[in-house]
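*Asks:* Here it is: the structure, laid out below.
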Amino acid sequence: MSVLITGGTGFVGHYLIERLEKPVVTSRNRQRALNKLGDSVADVIEWAPKSEALNLDPAMDCRAVVNLMGDSIAEGRWTAAKKKSIRDSRVLGTKKLVEAVSKLDRKPDVFVSASAVGYYGDPGDVVVTESHQMGEGYLPEVCKQWEDASDEIAALGVRVVKLRIGIVLGSDGGALEKMVPLFKWGLGGKLGSGRQWFPWIHVEDLAGMIDWAIQTPSASGVYNATAPNPVTNGQFTAALAKSVGRWAILPAPKFGLRIALGEFANSLFFSQRVIPQRALEQGYQFQFPDLDAALDDAI
Ligand SMILES: NC(=O)c1ccc[n+]([C@@H]2O[C@H](COP(=O)([O-])OP(=O)(O)OC[C@H]3O[C@@H](n4cnc5c(N)ncnc54)[C@H](OP(=O)(O)O)[C@@H]3O)[C@@H](O)[C@H]2O)c1
């Protein structure tokens, strides 16, 4: 099946591309993307979503679109300019993507877009399924606008799948790339009380879920892309320390992280007990439902 991926040069894209047969990828820098992806892709289309429209050949054969692009929320302080870039790269970027795909002679069968569990804000200890209400504040608003932007293509009869992704665990990227070195030096620790829920997913399960969403005609709408067994931050910290063979005794206080990381630090303390109810009901089989096995594989 011919697939077009935005953000395919990123952490998740790497694992997804391995499962697909030579997709076409968009990137802000074609040459850099080609150097990275080599012949695992059919082609790279250079596109700077912030400043230009996406021009696709109307005759392009594209059965599925996977939308993974977005300025990293974890890199750099959340200045006004950074917050605008986080939002625009997702919301305006998705709108432009939808506009381009809408002009294809043959519309794709399915449009799969990333969203995030940030949609739910900070719901505390309650179990969060896909029907849970939206949270309040910057991240929930960005996620809502991001999801709404991809809905526009549903009007053309394209099946739309939106994945509210949790914290993705895997090697060579994502949260573990930053955390493992700290833990190896004995500097890891739970965040605050550690009682807040931590909605994780192994990157192979996320890539698998995207592939499943492409292949499954009955998959449609919002899905929580998280492991079926969420843990608290304290449990995650203990499991990660065990996995790297170190103690994790230094709790990181919220005020310290807030000084070091700025506004982004607040989101690290959100408690999100998210479960992938719809994917489980529709038969998606998780490769890594439990954290210990996921960490052992990823590290
Ligand atoms: N990783 C996680 O834990 C996690 C959790 C929840 C949701 N998500 C979402 O899942 C998607 C994929 O995650 P990921 O970890 O693979 O992301 P990533 O590694 O940060 O890569 C995303 C890609 O987006 C493109 N990009 C970066 N900044 C951009 C900007 N300012 N404007 C337009 N494009 C930009 C880059 O491609 P080029 O440089 O080639 O243009 C990059 O390779 C993202 O939308 C992310 O928000 C991820």
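The values are calculated or read from the model by the stated rules, or taken from the named source; none is laboratory data. Because the structure is a prediction, the values reported are computed rather than measured. Positions of Cβ are backbone-derived with ideal geometry, glycine not excepted, and every protein chain shown enters the neighbour counts. The protein model used for the area step is the full one, side chains on, heavy atoms only, and it has no ligands, DNA or RNA in it. Shrake-Rupley method; radii C 1.70, N 1.55, O 1.52, S 1.80 Å.
*Asks:* For segment 145-159, what does the Karplus curve 6.51 cos²θ - 1.76 cosθ + 1.60, with θ = phi - 60°, yield as ³J(HN,Hα) per residue in whole Hz, taken in order and with x for Gly and Pro?
*Replies:* Residue by residue, segment 145-159 yields 5, 4, 5, 4, 4, 7, 4, 4, 7, 4, 4, 8, x, 8, 6 Hz.
*Asks:* Express the accessible area of segment 27-157 per residue in Å², computed with a 1.4 Å probe while the remaining protein chains stay in the model. Spell out each step's value before the answer.
*Replies:* Details: 6470 Å² over 131 residues.
Here the per-residue accessible area is 49 Å².
*Asks:* Under 10 Å, Cα contacts only: if you run a Gaussian network model on the chain, which one of LEU56, LEU16, LEU191 comes out with the highest mean-square fluctuation?
*Replies:* Top of the fluctuation ranking is LEU56.
*Asks:* Right, something else. Consider just the alpha-carbon atoms of segment 103-142 and return their Rg together with their Dmax, both in angstrom.
*Replies:* For segment 103-142, the Cα radius of gyration and maximum Cα-Cα distance read 14.9, 48 Å.
*Asks:* Hey, another quick one. Treating only the Cβ of Lys, Arg, Asp and Glu as charged (+1, +1, -1, -1), what charge dipole size does segment 1-137 show about its Cα centre? Round to the nearest 20 debye.
*Replies:* Details: 19 positive and 18 negative charges, 97 e Å.
Roughly 460 debye for segment 1-137.
*Asks:* What does the accessible area of HIS14 come to, in Å² to the nearest 10, when a probe of 1.4 Å is used?
*Replies:* Rounded to the nearest 10, that gives 80 Å².
*Asks:* Next question. If you filter segment 215-253 for chymotrypsin sites (Phe, Trp or Tyr not before Pro), then keep DSSP loop positions with at most 13 other Cβ within 10 Å, what is left?
*Replies:* Numbers: sites: TYR223, PHE236, TRP247; in loops: TRP247.
Qualifying residues, ordered by number: TRP247.
*Asks:* With a Förster radius of 22 Å, plug the Cβ-Cβ distance of ASP292 and GLU177 into 1/(1 + (r/R0)^6) and report the FRET value to the nearest 0.05. Present the calculation step by step, with values, prior to reporting the outcome.
*Replies:* Numbers: r = 19 Å, r/R0 = 0.89.
That gives a FRET efficiency of 0.65.
*Asks:* When the helix-only estimate is applied to the chain (DSSP H runs of n ≥ 4, each -39,500 (n - 2.57), divided by the residue count), what is the mean residue ellipticity at 222 nm, nearest 500 deg cm²/dmol?
*Replies:* Working: 11 runs with 116 residues, N = 299.
Taken over the chain, the calculation gives -11500 deg cm²/dmol.
*Asks:* Something else: Taking N as the number of residues in segment 108-218, what is its Cα Rg relative to 2.2 N^0.38 Å? If you can, show how the numbers build up before the last one.
*Replies:* Working: Rg = 16.4 Å, N = 111, 2.2 N^0.38 = 13.2 Å.
Compactness ratio reported: 1.25.
*Asks:* I've got another one for you. Beyond 14 Å, what share of the Cα-Cα pairs of segment 74-117 remains, rounded to the nearest whole percent? Spell out each step's value before the answer.
*Replies:* Values: 581 of 946 pairs.
Here the long-distance tail beyond 14 Å is 61 percent of all Cα pairs in segment 74-117.
*Asks:* Taking just the alpha carbons, could you work out the radius of gyration and Dmax for segment 177-299, both in angstroms?
*Replies:* Expressed in Å, the Cα Rg and Dmax of segment 177-299 come to 16.0, 48.
*Asks:* Testing the spin-label approximation: label points 7 Å from Cα along Cα→Cβ at ALA48 and LEU280. State their distance in nm.
*Replies:* Taking the simple label geometry, ALA48 and LEU280 are separated by 4.6 nm.
*Asks:* Let me ask something else. In Å, what Rg and Dmax follow from the Cα atoms of the chain?
*Replies:* In Å, with Rg to one decimal and Dmax whole: 18.8, 59.
*Asks:* What number does segment 118-174 give for Rg over Rh if you use C-alpha atoms and the Kirkwood radius? If you can, show how the numbers build up before the last one.
*Replies:* Numbers: Rg = 13.7 Å, Rh = 13.2 Å.
Over the Cα atoms of segment 118-174, Rg/Rh equals 1.04.
*Asks:* Within 10 Å of each candidate Cβ there may be at most 13 other Cβ atoms; applying that plus a DSSP loop requirement, which chymotrypsin sites (Phe, Trp or Tyr not before Pro) in segment 163-221 survive?
*Replies:* On the way: sites: PHE183, TRP185, TRP197, TRP200, TRP212; in loops: TRP185.
Answer by residue number: TRP185.
*Asks:* So if each residue of separation counts as 0.36 nm, and I subtract the Cα-Cα distance between THR129 and LYS242, what length gain in nm does that give? Display every interim value, and only then the final one.
*Replies:* Values: separation 113, 0.36 × 113 = 40.68 nm, distance 2.98 nm.
Taking 0.36 nm per residue and subtracting the Cα distance, the gain is 37.7 nm.
*Asks:* Mind giving me the FRET efficiency for ILE249 and ARG77? R0 is 41 Å, r the Cβ-Cβ distance, nearest 0.05 is fine.
*Replies:* It comes to 0.90.
*Asks:* Give the cross-link partners of LYS83 among the lysines, using a straight C-alpha distance below 28 Å as the criterion and excluding same-chain residues fewer than 8 apart.
*Replies:* In chain and number order, the partners are LYS36, LYS50, LYS95, LYS96, LYS144, LYS162, LYS178, LYS190, LYS254.
*Asks:* Under 15 Å from the Cα of LYS103, which aspartates and glutamates turn up, not counting those fewer than eight places away in the same chain?
*Replies:* Here the aspartates and glutamates satisfying the reach criterion relative to LYS103 are ASP57, ASP61, GLU152.
*Asks:* Another question, then. Once fully extended, how much extra length lies between GLU99 and ASP148, figured as 0.36 nm per residue of separation less the alpha-carbon to alpha-carbon distance? Kindly include the intermediate steps, with their values, before the conclusion.
*Replies:* Details: separation 49, 0.36 × 49 = 17.64 nm, distance 1.35 nm.
Going from the current span to full extension adds 16.3 nm.
*Asks:* Something else about it: For the chain, with all protein chains present and a 1.4 Å probe, just round the carbon and sulfur fraction of the accessible area to a whole percent. Before the final figure, lay out the partial values.
*Replies:* Working: 7110 of 13600 Å².
Within the chain, the accessible surface is 52 percent carbon and sulfur.
*Asks:* Separate question: Could you work out the equivalent-ellipsoid semi-axes for segment 1-60, taking the square root of 5 times each eigenvalue of the Cα gyration tensor, largest first, in whole Å?
*Replies:* 18, 14, 10
*Asks:* For segment 240-299, compute Rg over Rh where Rg is the Cα radius of gyration and Rh is the Kirkwood radius from the inverse mean 1/r over Cα pairs. Don't skip to the end; give the middle numbers.
*Replies:* Numbers: Rg = 16.1 Å, Rh = 14.7 Å.
Rg/Rh: 1.09.
*Asks:* Taking the Cα centre of the chain as origin and charging only Cβ (+1 Lys, Arg; -1 Asp, Glu), how large is the dipole, in debye to the nearest 20?
*Replies:* Values: 33 positive and 34 negative charges, 186 e Å.
Its charge dipole is roughly 900 debye.
*Asks:* Something else: How large is the direction-averaged shadow of the alpha-carbon convex hull of segment 1-116, in nm²?
*Replies:* On the way: hull surface 28.4 nm².
With every direction weighted equally, the projected area is 7.1 nm².
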